[in-house]
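So that we are looking at the same thing, I have put the structure below in structure tokens.
The values are calculated or read from the model by the stated rules, or taken from the named source; none is laboratory data. The shown structure was predicted, so the numbers you read here are calculated from the model rather than taken from an experiment. Note: ideal-geometry Cβ built from the backbone for every residue, glycine included; neighbour counts use all protein chains shown.
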Ligand code: SF4
């Protein structure tokens, strides 16, 4: 997983718990499990029933929290966030959960995803007097809630959420309730669990495993859960749209030990490798290797299906921090070498199948192919466990322009030449969808595949009509 030097960056991770006196510590562990989704900042907001208490900071979970800080955020409920800054921008003011104190009731929010109509909503809100503390899209949601003339609070939230377009898994916290919602297409994952009598929600089920919580179910697209000392209420804020969960969660983003829609990520990736092996039966090779970490599962699957032995041809140096990766060409080059090392004894004189999960710009793939050849590989056959990424993602994965995507303007053969591989094969869309083995009849198994097809499940820059606009 070379996200930060490849140009395909992780999404954020959200976590929430209601009904456990150790909510802050449990959130801290939850964030540890979700750390792969965002390393730029982390925060926890708790409630003791009287006030909301926050600890937030930039950097990794371990840099932000310590025992002293966690002891200060007391309470029986908490929401937490691991941040990767996409549309929201960087800086402490953008680190979530965002907390708004008010005499009419304080409110905290944690959000995973990207709103495609945030700019329009923000423009409207600013025109009608709202002042923003951050550049985060997430703040828009809070202003919409505060502006709503509906009553009670739940209806304000429902109205605000119904105006949002795009991807969101959101957790709101007040002194007396935790409200959980997922966008109408279910673009970003969000699961519900239980820890004794406490309710837990998390972007990925690996967070439940770490704290010993039991998985209950996925939160449905368009669903709204209200969790309080009275238990859990199931509601919805909008009619469910076409189910389109992000396919890249299976390919690359989620942790292999997580399950999404009850499909284990590692097993799905292994099946992608098997599908790939079927689709490139013509390749003759001596060893299969995967680009660590996210491509290892697919490489194992490829090896099992093709009969070509799996080997550790590339080793990841786990102790290189993000701070070393600078955006100049030379330092990027060095960045790859610091992150990955070839195992010469495995590669020398061998025809190598190199499995990777995706190609974004192609520059990292080229560096890895060169690295394998410099280590003595006789041939390098690059196989990719997803289709060519031709279109940008507007839902929170950080590929925002066509120019960043080599497959948007180059054929497979042109990409092969650019990355200096002997052959290049991408998994077909059908093969990828089949490999996920999702339990839905919907088109593409209920997956969003827009970055491979350009067919987006929502409008991209919609001209939203706001009920408030009629009031101004
Ligand atoms: Fe995921 Fe691609 Fe859809 Fe974005 S466009 S949500 S990365 S499948």
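Can you name the residue in the range 126-145 that is in contact (Cβ under 8 Å) with a residue 12 or more places away in the chain and surrounded by fewer than 21 Cβ atoms within 10 Å (Cβ to Cβ) and, of all such residues, is nearest to residue 457 (Cα to Cα)? Give the derivation first.
Residues of the range 126-145 in contact (Cβ under 8 Å) with a residue 12 or more places away in the chain: 127-128, 130, 133-145.
This time we only want the ones that are surrounded by fewer than 21 Cβ atoms within 10 Å (Cβ to Cβ), so: 127-128, 130, 133-135.
Values: 127: 30, 128: 30, 130: 30, 133: 31, 134: 28, 135: 26 Å.
Per the stated criteria, the residue is 135.
Just name the residue that is farthest from residue 225 (Cα to Cα) out of those in the range 121-139 that are part of a helix (DSSP H, G or I) and in contact with a strand residue (DSSP E or B) (Cβ under 7 Å, 6 or more places away or on another chain).
The qualifying residue farthest from residue 225 (Cα to Cα) is 139.
Could we say that residue 443 is more than 16 Å from the ligand (Cβ to nearest atom) and either without any contact (Cβ under 8 Å) to a residue 40 or more places away in the chain or over 19 Å from residue 301 (Cβ atoms) (or both) here?
no
Let me ask something additional. Just to be sure I understand, how many residues within the range 393-417 are surrounded by fewer than 20 Cβ atoms within 10 Å (Cβ to Cβ), modelled with pLDDT of 90 or more and within 16 Å of the ligand (Cβ to nearest atom)?
Total satisfying the criteria: 1.
Right, here's the next one. Tell me, which residue of the range 88-104 that is at pLDDT 90 or above and part of a loop (DSSP other than H, G, I, E, B) is surrounded by the fewest Cβ atoms within 10 Å (Cβ to Cβ)?
Here the residue is 101.
Kindly provide the set of residues from the range 269-306 that are within 19 Å of residue 435 (Cβ to Cβ) and out of contact with any helix residue (DSSP H, G or I) (no Cβ under 7 Å at 6 or more places or on another chain), ordered by number.
Passing the criteria: 280, 281, 283, 293, 295, 296, 303.
Among 110, 54, 42, 24, which is touching a helix residue (DSSP H, G or I) at 6+ places or on another chain (Cβ under 6 Å), modelled with pLDDT of 95 or more and assigned to a strand (DSSP E or B)? I'd like the intermediate steps shown before the answer.
On the way: 110 fails: touching a helix residue (DSSP H, G or I) at 6+ places or on another chain (Cβ under 6 Å); 54 fails: touching a helix residue (DSSP H, G or I) at 6+ places or on another chain (Cβ under 6 Å); 24 fails: assigned to a strand (DSSP E or B).
Selected residue: 42, the only one of 110, 54, 42, 24 that is touching a helix residue (DSSP H, G or I) at 6+ places or on another chain (Cβ under 6 Å), modelled with pLDDT of 95 or more and assigned to a strand (DSSP E or B).
Look at residue 115 and say whether it is crowded, with 24+ Cβ neighbours inside 10 Å, touching a residue at least 12 places away in the same chain (Cβ under 8 Å) and farther than 19 Å from residue 16 by Cα. Spell out how you get there, then give the answer.
Working: crowded, with 24+ Cβ neighbours inside 10 Å: yes; touching a residue at least 12 places away in the same chain (Cβ under 8 Å): yes; farther than 19 Å from residue 16 by Cα: yes.
So residue 115 passes the test.
Of 304, 239, 279, which residue is at negative phi, over 22 Å from the mean Cα position of the chain (by Cα), at pLDDT below 95 and more than 16 Å from the ligand (Cβ to nearest atom)? Working first, answer last.
On the way: 304 fails: at pLDDT below 95; 279 fails: at pLDDT below 95.
Unique residue meeting the criteria: 239.
Another question, if that's okay. How many residues are surrounded by fewer than 24 Cβ atoms within 10 Å (Cβ to Cβ) and touching a helix residue (DSSP H, G or I) at 6+ places or on another chain (Cβ under 9 Å) when one looks only at the range 146-161?
Filtering the range 146-161 for residues surrounded by fewer than 24 Cβ atoms within 10 Å (Cβ to Cβ) gives 146-156, 158-159.
Then keep just the ones that are touching a helix residue (DSSP H, G or I) at 6+ places or on another chain (Cβ under 9 Å); that gives 146-150, 153, 156, 159.
Residues in the range 146-161 being surrounded by fewer than 24 Cβ atoms within 10 Å (Cβ to Cβ) and touching a helix residue (DSSP H, G or I) at 6+ places or on another chain (Cβ under 9 Å): 8 in total.
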